[in-house]
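What follows is a set of notes on a single structure, which appears directly below.
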Amino acid sequence: MDLTEKTRKQTDIYNGRIIHVRVDDVALPDGRPAKREVVDHPGGVCIAALTDKQELLFVEQFRYPYKEVVLELPAGKLEYGEDPLEAGKRELREETGAAASEYRSLGELYPSPGYCGEIIHLYLATGLAFSAQDPDDDEFLELRRIPLTEAYGMVMRNEIADAKTQVGILKTYHILEEGF
């Protein structure tokens, strides 16, 4: 069975600095009409930066939609057409002051495929060297180092809510434990 929905019409609702919202008229696989609300987003990148002491670098920052401080792996928004690895290197340096000698792709993550087209590119960074943090003017964050095994336990105890951070930790842990 062909599960593809065919776009018939797109109507722009909102064009912002980061997101664009539209409503699409589609034909379902059986031909019936439906509407799809879509948030277009340029995508993001997330870096699991692992020190020689098997610690992951984290940032804590206030996330307005949740009205709370969230513990996350270093991450950032892509510009449309930007190379994800280059963006990841930039975000890692800005948020943590670290640069890595090696990067390994951990794949891609669709954070909310029911309505958002965002794709987050995940990387493992090793061979870290440090300089000063250089966050964006509107970024206020605290740097933390957490041992990988402790971070893994935090995910399993539901102490880390951020999806990209959970996936980055779990994949990094699996790579180190299983040699995958």
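Rule-based calculations on the coordinates, nothing more; no lab input. A quick note: this is a predicted structure, and the numbers were derived from the prediction, not measured. Note that we place each Cβ from the backbone using ideal geometry, even for glycine, and neighbour counts take in every protein chain shown.
List nothing, just return the count: lysine pairs in the stretch 44-178, 8 or more apart or interchain, with Cα separation under 27 Å.
Taking the Cα cut-off of 27 Å, the pair count is 10.
With springs only between Cα atoms under 10 Å, which of ALA163, ALA129, ALA34 fluctuates most in a Gaussian network model of the chain?
Result: ALA34 has the largest fluctuation of those listed.
Which of the trypsin sites (Lys or Arg not before Pro) found in the stretch 50-91 are in a DSSP loop and have at most 14 neighbouring Cβ atoms, other than their own, within 10 Å?
LYS53, LYS67
Which of PRO29, PRO42, PRO135 moves the most in a Gaussian network model of the chain with Cα springs under 10 Å?
Taking springs between Cα atoms under 10 Å, the residue moving most is PRO29.
In degrees, nearest 10, range 0 to 90: what is the angle between the Cα axis of helix 84-96 and the longest Cα principal axis of the chain?
That works out to roughly 50 degrees.
Let me check against my output: what whole-number percent is the relative contact order of the chain, with C-alpha pairs under 8 Å and at least 6 apart?
Result for the chain is 22 percent.
Give the residue list of chymotrypsin sites (Phe, Trp or Tyr not before Pro) in the stretch 99-130 that are DSSP loop and have at most 11 other beta-carbon atoms within 10 angstrom.
Counting only loop positions with at most 11 other Cβ atoms within 10 Å, the chymotrypsin sites (Phe, Trp or Tyr not before Pro) in the stretch 99-130 are TYR115.
Multiply the residue separation of ALA99 and LYS35 by 0.36 nm, subtract the distance between their alpha-carbon atoms, and state the gained length in nm to one decimal.
18.6 nm
Subtracting the Cα-Cα distance from 0.36 nm times the residue separation, let me have the gained length for CYS116 to GLU5 in nm, one decimal.
38.4 nm
Could you give the length gained on full extension between ARG157 and ASP25, defined as 0.36 nm per residue of separation minus the Cα-Cα distance, in nm?
Separation in residues times 0.36 nm, less the Cα-Cα distance, equals 43.4 nm.
Considering only LEU71, LEU122, LEU28, give the residue with the highest GNM mean-square fluctuation for the chain, with springs between Cα atoms whenever their separation is below 10 Å.
LEU28
Along the charge dipole of the chain, Cβ charges K/R +1 and D/E -1, which of GLY88, PHE62, THR7 sits furthest on the positive end?
Checking the options against the dipole of the chain, the answer is THR7.
Taking the Cβ-Cβ separation of ASP138 and ILE13 as r and a Förster radius of 35 Å, what is the calculated FRET efficiency to the nearest 0.05?
E(calc), rounded to 0.05, equals 0.85.
Out of all DSSP beta bridges with both ends in the chain, state the antiparallel percent to the nearest 5.
Bridges in the chain that DSSP calls antiparallel: roughly 85 percent.
List the trypsin sites (Lys or Arg not before Pro) in the stretch 92-180 that DSSP assigns to loop (not H, G, I, E or B) and whose Cβ has at most 14 other Cβ atoms within 10 Å. Which are they?
Sites meeting the loop and neighbour criteria: ARG157.
Hey, of (1) 152; (2) 110; (3) 131, which did the structure itself give for volume of the Cα convex hull per residue in Å³ when calculated?
Checking each listed value against the structure points to (1).
Where does the chain land at 222 nm, in deg cm²/dmol rounded to the nearest 500, when only DSSP H runs of n ≥ 4 count, each adding -39500 (n - 2.57), divided by all residues?
Counting only the DSSP helices, I get -6500 deg cm²/dmol.
Which of the aspartates and glutamates could a cross-linker bridge to LYS35, judged by Cα under 14 Å and excluding same-chain residues fewer than eight apart?
The qualifying aspartates and glutamates are GLU5, ASP12, ASP24, ASP25.
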